[in-house]
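Notes for the one structure printed next.
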Amino acid sequence: MSSQFFVKCAMYLCSFLIITNIAAQSSEIIKPVAREISESKLKKDFSKIEIFNPFTPSTERVMQTDAFATNITFTTVDAGVLESLYNEKKDAISLSIPYRDEVLELELIQVHILSSGFKVTSALGGDEAYNPGIYYRGIIKDDPNSIVAISIFQNEIFGVASSQKDGNINIGRNKKPGALENEYILYSDKDILVDYENKGCATPEPEGYESTFHDLLETSGGTRIDKCPKVYLEADYDLYVNKGSVTSTSNYLTSIFNNSAAIYANEDVPIEISEIFVWNTADSYSTATSFNALTDFKINRPTFNGDIAHLIAMDPGGLGGVAYTINGLCNTYKYCYSDVNSTYSDFPTYSWTVMVITHEMGHLFGSYHTHSCNWVGGAIDNCYTTEGGCPAGPAPVGGGTIMSYCHLTAYGINFSNGFGAQPGNAIRNTITAAACIEGATGETDPGYCASLGVNSEYEWIQSISINGVSNVSDNNFGYADFSALTAELAPGEMVNVTLTPGYISATAYPEYFSIWIDYNNDLDFNDVGENVYNSGSVTSSVSGTFYVPAAANGETKMRIAMKYNAGATTCELFSYGEVEDYSVSFIASDLNYCNAKGVSALTEWIDKIELNGFIRNSSSDGGYYDGTANVIDLMPGNAYSIKYSAGFTLLPTREFYKAWIDYNQDGDFEDSGEELFARKSKSANNINSSFTVPASALTGKTMFRIAMKNGAYPSPCETFLVGEVEDYTINILPGLQAGLKSEDSDLQVYPNPNDGLFQLVLNNYAEENMLIKIYDMTGRIVYTSIEPNTNGIAAIDCNSIASGLYMIRIYNDTQCIASAKFIKE
């Protein structure tokens, strides 16, 4: 066996462990921000941006930073590229940044962090003219657990990129004396050598809130909330003096908030800034303690534009942060305070500031500290003395979360960890329960979910062919959007598909193909019947068929996934393989059938048709009735009884009947076997005839014509003097493949009818598992399952499907080997 195979296996194991770890942390395979990036790749071009240029600083410059942190990367920023980036306001970018001995590629999409009606005001000037930055959010390429927020202004760029590997990487201008105008430094806060100045958080725990808190925790959480808290930010005078202007202060606050909003977004919690107020004259806030400053803030600002109010100050002494309470929504305690680091203000210490601001808002949004004893199971970590006297929690080996004090320990706080499961649920459920909070006012960008293979180096989708539409491509790095290619599919017909994997070498791997079509155009592939094809394990080209429902119409999206060693799901990030998206349109038949009618039907006409559950009773239709809007389902190889009769105004006369079905769908009724019967009768009573649909009948919609003529047999295209003609649509459902077992005693359903719980008994079946598909009478797949074969017996639970008649089929790989009908009561 080749060494390449072992390398692949090792990489697959590594990737599997990574994805397993992701899944263990969240009910979703990828985190929300990574999901946003993946979904954006389906719709947007990511412009490659190179703005940073590494350079080697002087020894003096290095010495200026050595006491602050190690492993600092020095760069310059191309001012022209920065200005262009600001002016062009690109929706999606791929930003390269040099960091230590590598180049990190940041995949970013533009986001909206300012609410509708956002404004900047100041103590002296009232409403201020302000041009916001361009705010981006995303991940480090190939690291779906990472999180990045970058803010672009006309002459400056701020941001933090966080990952388990590198910690929180600060990106900002070097403001040390002697630094170049366009000089920037990049460093991780885990490499900082100085002690963290912030003294921590003194948020009081509200008396008697524990019961409400536990009720909120017990509420089902974990999904994106529809509400979006609006945050009022206020900057004290010292922060204004440090930044130099109202605009610079606002730039700083929006960039910090962009990072905080990214952390909340990764918890599926949207937040927006409603207003920024800047003290450009001396304020009256206390600098003695954080709680004194917060109290002054609450008194000074009894009303404000937003759901919570946040004072951000640059007070000496590292006062830390404080919130007025746990859960300050929709009450009078909706205030918090954060002290921005001042000792090292020459360095871009954004991650410290982001941490304290995000932390204090977390209290107002309903979260205790992680060392609180109020959590289910007690304290979440051991980073600080517990609040409540319970035993300490476990060590946060991968770093602490936002509501922890782990920044005071060697573990640190990593933004990519977010809030953690319980604090995240507490925040989501608290905001959801807050009656005063409204929805987001920013822009939304709905679309299909993302799906891709993380690594397509070894295998990829080489080619597809669907109903004559072919596409051949090489490795597309896990995902390709081929929506410009449209496959035209006919409703009510079978579709032929051929799929071929591509490999880097002669070694072939087990691949599983799946196809989905969004039939109802609701931007997902999750509805019943939308998973139209699954190949099972293949190592080379595979061909198969699927049925297009007769009701399909318009245009929509089709997704094809090829995953190594298992079937993919619709929105999955998987280790090896590839995903491709295409467009499909549903084209109805353009066949034009000949005309036929009775000139007069005043005295006699067709007054009843009954076929396979369809019944129509009628009076005279004037010689012709177009009933093609009525669709009657028939199955190849099955025998059917048809009931019909004549209506008379006078005494019955002798009538001659014939009927035809265009089985080969060539637009006429002249082919052998297309005439169903020839009968004559001088009675108004029902007449019964029977016919068998040929096994060779083409799947899909076609024409059924019945004619009644007085005095002689009609031909299919005749206009005659007395009598009537009626046309209907027949939908030939998919039948068993030629040479395979038909619906007979090989497959039994017990009981039948049933309530959706039943047993299948299949004779002479030796495979380990049964691939089972259940179809409704329109041909839609309503149930798919792989069940273990126990001596030819399998138990089925499909009680969620509606009552009705169904076809159940057993497949061996892609071929149907047996089928049976059953009734779900």
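The values are calculated or read from the model by the stated rules, or taken from the named source; none is laboratory data. As the structure is a computational prediction, the values presented were derived from the model and not from experiment. Because the Cβ atoms are built from the backbone with ideal geometry, glycine has one as well, and the counts that use them run over all protein chains shown.
If you go through the stretch 565-589 one residue at a time, how many are assigned to a strand (DSSP E or B) and under 19 Å from residue 786 (Cβ atoms)?
1
The conditions are (1) surrounded by fewer than 17 Cβ atoms within 10 Å (Cβ to Cβ); (2) outside the structural domain of residue 530 (by TED's automatic domain parsing); (3) in contact (Cβ under 8 Å) with a residue 12 or more places away in the chain, and residue 555 fails exactly one of them. Which is it?
With respect to (1) surrounded by fewer than 17 Cβ atoms within 10 Å (Cβ to Cβ); (2) outside the structural domain of residue 530 (by TED's automatic domain parsing); (3) in contact (Cβ under 8 Å) with a residue 12 or more places away in the chain, residue 555 is out only on (2).
Across the stretch 632-679, which residue is surrounded by the most Cβ atoms within 10 Å (Cβ to Cβ) among those that are at pLDDT below 95 and part of a strand (DSSP E or B)?
The extreme case among them is 634.
Scan the stretch 454-480 for residues that are modelled with pLDDT of 85 or more and either in a strand (DSSP E or B) or not assigned by TED's automatic domain parsing to the domain that holds residue 572 (or both) and report the count.
Residues in the stretch 454-480 being modelled with pLDDT of 85 or more and either in a strand (DSSP E or B) or not assigned by TED's automatic domain parsing to the domain that holds residue 572 (or both): 13 in total.
Sort through 274, 290, 284 and tell me the only one that's farther than 19 Å from residue 148 by Cβ and more than 43 Å from the chain's Cα centre (by Cα). So that I can check it myself, show each step before the final result.
On the way: 274 fails: more than 43 Å from the chain's Cα centre (by Cα); 290 fails: more than 43 Å from the chain's Cα centre (by Cα).
So the residue among 274, 290, 284 that is farther than 19 Å from residue 148 by Cβ and more than 43 Å from the chain's Cα centre (by Cα) is 284.
Would you confirm whether or not the stretch 402-412 contains a residue that is under 27 Å from the mean Cα position of the chain (by Cα) and either modelled with pLDDT under 90 or among the aromatic types (Phe, Trp, Tyr) (or both)?
Within the stretch 402-412, none of the residues are under 27 Å from the mean Cα position of the chain (by Cα) and either modelled with pLDDT under 90 or among the aromatic types (Phe, Trp, Tyr) (or both).
Answer with yes or no whether residue 620 is within 22 Å of residue 723 (Cα to Cα), in a loop (DSSP other than H, G, I, E, B), out of contact with any Cys (no Cβ under 8 Å at 6 or more places or on another chain) and in the same structural domain as residue 694 (by TED's automatic domain parsing).
Yes: the conditions hold for residue 620.
Counting only residues that are of a type in the set (A, V, I, L, M) and not in a loop (DSSP other than H, G, I, E, B), which one in the stretch 507-540 is nearest to residue 453 (Cα to Cα)?
Top of the filtered list is 515.
Yes/no matrix, rows are residues, columns are (1) under 25 Å from residue 231 (Cβ atoms); (2) of a type in the set (A, V, I, L, M); (3) at pLDDT below 95:
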| residue | (1), (2), (3) |
| --- | --- |
| 328 | yes, no, yes |
| 336 | yes, no, no |
| 341 | yes, no, yes |
| 347 | no, no, yes |
| 351 | yes, no, yes |
| 356 | yes, yes, yes |
| 375 | no, no, yes |
| 378 | no, no, yes |
| 383 | no, no, yes |
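May I ask you to list the residues in the stretch 350-405 that are touching a residue at least 60 places away in the same chain (Cβ under 8 Å), touching an Asp or Glu at 6+ places or on another chain (Cβ under 8 Å) and among the hydroxyl-bearing types (Ser, Thr, Tyr)?
351, 368, 372
For a quick check of your reading: which strands (runs of 3 or more DSSP E) sit entirely within the stretch 733-825 and have at least 3 residues that are at pLDDT below 75 and aliphatic (A, V, I, L, M)?
Details: elements: 747-750, 757-762, 769-775, 781-788, 793-797, 804-812, 815-824.
Filter on the stretch 733-825 gives an empty set.
Residues to consider are 50, 83, 105, 60; find the one that is touching a residue at least 24 places away in the same chain (Cβ under 8 Å), surrounded by fewer than 20 Cβ atoms within 10 Å (Cβ to Cβ) and touching a helix residue (DSSP H, G or I) at 6+ places or on another chain (Cβ under 8 Å).
Values: 83 fails: touching a helix residue (DSSP H, G or I) at 6+ places or on another chain (Cβ under 8 Å); 105 fails: touching a helix residue (DSSP H, G or I) at 6+ places or on another chain (Cβ under 8 Å); 60 fails: touching a helix residue (DSSP H, G or I) at 6+ places or on another chain (Cβ under 8 Å).
Of the residues listed, the single one that is touching a residue at least 24 places away in the same chain (Cβ under 8 Å), surrounded by fewer than 20 Cβ atoms within 10 Å (Cβ to Cβ) and touching a helix residue (DSSP H, G or I) at 6+ places or on another chain (Cβ under 8 Å) is 50.
Could you check how many residues of the stretch 314-332 are under 40 Å from the mean Cα position of the chain (by Cα) and either among the polar types (S, T, N, Q) or buried (at least 20 other Cβ atoms within 10 Å of the Cβ) (or both)? Can you show your working first?
Taking the stretch 314-332 first, the residues under 40 Å from the mean Cα position of the chain (by Cα) are 320-332.
If we keep only those that are either among the polar types (S, T, N, Q) or buried (at least 20 other Cβ atoms within 10 Å of the Cβ) (or both) too, we end up with 320-329, 331-332.
Qualifying residue count, the stretch 314-332: 12.
Of all residues in the stretch 690-710, which are more than 46 Å from the chain's Cα centre (by Cα), surrounded by 23 or more Cβ atoms within 10 Å (Cβ to Cβ) and among the polar types (S, T, N, Q)?
Result: no residue meets the conditions.
Determine whether residue 108 is farther than 27 Å from residue 56 by Cβ and not basic (Lys, Arg).
Answer is yes for this residue.
Can you tell me which condition residue 291 does not meet? The list is (1) in contact (Cβ under 8 Å) with a residue 60 or more places away in the chain; (2) buried (at least 19 other Cβ atoms within 10 Å of the Cβ); (3) among the aromatic types (Phe, Trp, Tyr), and all the others hold.
(2)
Take the residues in the stretch 447-486 that are in contact with a Gly (Cβ under 8 Å, 6 or more places away or on another chain) and of a type in the set (A, V, I, L, M, F, W, C); name whichever of them is nearest to residue 39 (Cα to Cα).
Only one residue tops the list, namely 452.
Does any residue in the stretch 641-655 that is outside the structural domain of residue 706 (by TED's automatic domain parsing) come within less than 9 Å, Cβ to Cβ, of a residue that is hydrophobic (A, V, I, L, M, F, W, C) and buried (at least 19 other Cβ atoms within 10 Å of the Cβ) six or more places away or on a different chain, and which pairs are these?
Nothing qualifies.
In the stretch 546-564, is there at least one residue being outside any strand (DSSP E or B), of a type outside the set (Lys, Arg), within 21 Å of residue 463 (Cα to Cα) and out of contact with any Gly (no Cβ under 7 Å at 6 or more places or on another chain)?
So the first thing to find is which residues in the stretch 546-564 are outside any strand (DSSP E or B), and the list is 548-553.
Of the ones still in play, those that are also of a type outside the set (Lys, Arg) are 548-553.
When the remaining residues are screened for being within 21 Å of residue 463 (Cα to Cα), the result is none.
Checked the stretch 546-564: no residue is outside any strand (DSSP E or B), of a type outside the set (Lys, Arg), within 21 Å of residue 463 (Cα to Cα) and out of contact with any Gly (no Cβ under 7 Å at 6 or more places or on another chain).
Please give the strands (runs of 3 or more DSSP E) falling wholly within the stretch 52-166 in which 1 or more residues are among the β-branched types (Val, Ile, Thr) and out of contact with any Asp or Glu (no Cβ under 7 Å at 6 or more places or on another chain). Show your work before the answer.
Working: elements: 52-54, 73-77, 92-99, 102-110, 114-122, 126-128, 134-140, 143-153, 156-163.
Answer list for the stretch 52-166: 73-77, 92-99, 102-110, 134-140, 143-153, 156-163.
Output the residues belonging to the stretch 174-195 that are surrounded by fewer than 20 Cβ atoms within 10 Å (Cβ to Cβ), under 30 Å from residue 108 (Cα atoms) and at pLDDT below 90.
175, 176, 179, 180, 181, 190, 191
I'd like the full set of residues that are under 21 Å from residue 288 (Cα atoms) and buried (at least 21 other Cβ atoms within 10 Å of the Cβ), limited to the stretch 300-313.
If we filter the stretch 300-313 for residues that are under 21 Å from residue 288 (Cα atoms), which is where we start, we get 300-301, 309-313.
Scanning the stretch 300-313 gives 309, 310, 311, 312, 313.
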